[in-house]
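What follows is one structure encoded as structure tokens, with my remarks underneath.
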Amino acid sequence: MQAMVYRGPYKIRVEEKDIPKIEHPNDAIVRVTLGAICGSDLHLYHGMMPDTRVGTTFGHEFIGVVEEVGPSVQNLKKGDRVMVPFNVYCGSCYFCARGLYSNCHNVNPNATAVGGIYGYSHTCGGYDGGQSQFVRVPFADVGPTLIPDWMDDEDAVLLTDACPTGYFGAQLGDISEGDTVVVFGAGPVGLFAAKSSWLMGAGRVIVVDHLEYRLEKARTFAHAETYNFTEYDDIVLQLKKDTGYLGADVAIDAAGAEADGNLFQHITAAKLKLQGGSPIALNWAIDAVRKGGTVSVLGAYGPVFSAVKFGDAMNKGLTIRSNQCPVKRQWPRLFEHIRNGYLKPSEIVTHRIPLEHIAEGYHIFSAKLDGCIKPLILPNAA
Amino acid sequence: MPYTAERPYQNPSPDELRARIPGWGADLDPRDRPSVPREKYDPGATGAHWDFPERQPGDESRERSLEHKFVTPVFGTSVPLKGASGAIRRFAYERFSEGRAAHWLLLILGDRVDAWESHARSFVSTRPDNPVTETGVLSEAGHHPISSRFGQKRSDLSHIWMDPLIVAGPWLAAPVIAVGVRALLRRRHAS
């Protein structure tokens with residue numbers, strides 16, 4: 001089969017690999033019909049996530065058709081069209097039993113600080129991902145769900161991470177009616193977080209980014225007010241002034257390790273890998289939220305320490321909430337919102353790239369060329 | 001102003017928002033939010049039909065975090081440890097817990113060594129690394145490289161110039177290191 005393969009920072013190519021095989025009785029093998037590149041894949045691509053090994057296949061956003069199932073699989077059969085959450089999880093450990101699927105303790109021998117994620121380095125369990133023609137799906141009775149007949153493939157693939165993660169981020173903000181929410185980052189997750197904040201009753205939603213084409217999307221897709229932080233000497237001060245010197249009630253960090261806006265943080269994190277990511281968006285969130293407010297962290301960071309302004313967070317009495325999204329828990333409610341016309345996830349898709357051109361796809365997405373917001377990967381386009 | 005008890009600015013009313021935003025307030029009640037409460041004990045809800053999963057074979061040589069009692073019952077088999085990078089990574093896993101900076105910094109060092117090893121190995125394979133095609137830089141031509149970068153006040157323009165150095169750096173350094181090693185070996189041989 002053909003699969004994307006990591007060759008070192010900023011370098012990937014497509015290689016022939018063996019089709020994955022059943023390695024556990026509850027595995028399934030899924031033929032990928034549609035995948036995507038996630039903003040957090042860029043952390044791997046840029047060499048920021050520890051234990052990202054040359055030869056790994058990335059990709060935690062994918063849908064497909066079941067090709068083969070292990071002997072203990074009861075809920076899926078060959079030919080089923082399934083969407084697969086980005087979390088690998090067992091469904092029975094202490095954490096899964098409490099709904100914390102993204103914190104599963106039975107799937108990642110390499111770390112206890114993070115659960116299992118497809119194609120996301122050995123720090124997340126060493127699973128190959130779905131930017132390929134086939135993928136091994138562990139615990140097939142637990143993670144995948146049949147794609148409803150009425151749902152488009154492009155909506156389904158965005159429901160495997162970006163859309164539920166944004167929605168989850170708004171939930172972590174614990175939004176009350178009329179709250180002012182500021183979202184840092186107008187990438188796919190930030191756009192969904194902004195859109196979801198309205199569902200939860202926000203009174204005002206502000207999105208901050210540095211790319212005008214993404215801010216335009218935040219205005220049209222997510223009905224948000226926008227700030228281009230490059231137009232202000234001090235974006236935090238501007239946000240304070242714009243909220244009567246109070247600050248936002250809720251701040252959502254949807255940027256994570258790649259955040260721009262502070263050259264020192266960028267060099268020490270993205271370039272020299274001395275931090276678990278550039279925490280500039282997180283620091284802005286801590287500064288821009290009001291005292292007693294809530295900071296929701298969706299942006300992905302590596303496990304290495306980061307220079308976060310925790311003293312301010314403590315002194316302001318902030319609640320900081322964060323996690324990888326337990327995707328499958330969000331699906332029933334998101335299905336309703338899509339059917340009601342409140343959400344149309346595929347509206348953010350800008351590029352559709354055949355798997356054999358995935359190196360170009362990563363470059364376009366990483367360099368923010370061509371108005372790229374969300375690139376999909378077509379594994380069988382040839 | 002926040003110096004008095006009232007909120008210092010007014011947001012639009014719910015009626016106004018409901019008219020303008022599709023679905024406004026549909027999840028206003030926290031009970032409608034799927035992850036509220038955050039922890040909800042319901043072991044039967046996941047579809048798992050086991051108390052403890054059957055164990056995947058092949059865990060004998062599998063590296064694991066010291067914070068795990070044993071190799072988890074299911075694990076990835078993407079790329080086994082190999083070479084000098086594998087030795088560095090194994091040391092990181094066997095010696096330091098996740099709570100130690102050395103654990104993660106050694107893994108990052110292992111990543112860099114892995115990249116160098118793999119480049120070197122590719123030159124004795126039928127498919128050597130190609131720094132042009134593998135960076136995807138050829139996509140620049142057809143995807144608005146100028147308009148995407150200028151006229152947008154992009155903050156990342158301040159560091160884009162570093163990326164080619166980071167990609168090309170090891171390639172540029174390799175011949176220098178090779179010449180240095182050769183000179184050292186010659187000097188040793190002469191003495």
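Each reported figure results from applying straightforward, stated rules to the coordinates on display, with no laboratory input. Not measured: the values here are computed from a predicted model. As a convention, Cβ positions derive from the backbone with ideal geometry for all residues, glycine included, and neighbour counts pool all protein chains shown.
Comparing A:T112, A:T220, A:T319 in a Gaussian network model of chain A, where Cα atoms under 10 Å apart are tied by springs, the biggest mean-square fluctuation is seen for A:T220. Relative to the dominant Cα principal axis of chain A, helix A:358-367 is inclined by about 10°. Overall form of chain B: oblate. Here a/c, set by the Cα gyration tensor axes a ≥ b ≥ c, is 1.5 or more, and a/b is not larger than b/c. Under a Gaussian network description of chain A, with springs only between Cα atoms under 10 Å, the residue in A:N228, A:N323, A:N108 that fluctuates furthest is A:N228. For A:L318, the residues whose amide H sits under 5 Å from its own are A:G292, ignoring neighbours fewer than 5 places away on the same chain, with H placed 1.01 Å from N.
Of interest is the spacing of the C-alpha centroids, which for the stretch A:267-316 and the stretch B:151-191 amounts to 32 Å. Shape class of the stretch A:115-180 from the Cα gyration tensor (axes a ≥ b ≥ c, square roots of the eigenvalues): oblate, since a/c reaches 1.5 or more and a/b does not exceed b/c.
Helix A:327-339 and the long axis of chain A differ in direction by around 80°, with both axes built from C-alpha atoms.
Placing unit charges on each Cβ (+1 for Lys and Arg, -1 for Asp and Glu) gives chain A a dipole about its Cα centre, and among A:F168, A:V65, A:S366 the Cα reaching farthest toward its positive end belongs to A:F168.
Springs between Cα atoms under 10 Å define the GNM used for chain A, and in it the highest mean-square fluctuation of A:Y89, A:Y245, A:Y101 occurs at A:Y245. Whole Å is fine, so just give me how far the alpha carbon centre of the stretch A:128-178 lies from that of the stretch B:121-148. Centre-to-centre (Cα) distance: 31 Å. The shape of the stretch B:45-140 comes out prolate: with a ≥ b ≥ c from the C-alpha gyration tensor, a/c is at least 1.5 and a/b beats b/c. When restricted to Cα atoms, the stretch A:212-283 yields an Rg and a Dmax of 13.7, 39 Å, respectively.
Taking label points 7 Å from Cα along the Cα-to-Cβ direction, A:I267 and A:N380 give a separation of 4.9 nm. The angle separating the long axis of helix B:162-190 from the principal Cα axis of greatest extent in chain B is about 20 degrees.
For the protein assembly as shown, what does -39500 (n - 2.57) per DSSP helix run (n ≥ 4), summed and divided by total residues, give at 222 nm, in deg cm²/dmol to the nearest 500?
-8500 deg cm²/dmol, from helical runs alone.
Straight-line reach from B:K40: which lysines have Cα under 27 Å away, leaving out those fewer than 8 places along the same chain? Filter leaves A:K195, A:K328, B:K69. For chain A, the spread of Cα positions along the three principal axes, ordered from largest to smallest, is 61, 43, 39 Å. Ignoring lysines fewer than eight residues from A:K309 along the same chain, the ones with Cα atoms less than 23 angstrom from its Cα are A:K240, A:K241, A:K271, A:K273, A:K291.
Using Cβ point charges alone (K and R +1, D and E -1), the dipole size of the protein assembly as shown about the Cα centre works out to roughly 1440 debye. Based on alpha-carbon centroids, what's the gap between the stretch A:55-80 and the stretch B:42-75 in Å, whole number please? The stretch A:55-80 and the stretch B:42-75 have Cα centres spaced 19 Å from each other. Its Cα centre serving as origin, the stretch B:38-154 has a Cβ charge dipole (Lys and Arg +1, Asp and Glu -1) of approximately 440 debye.
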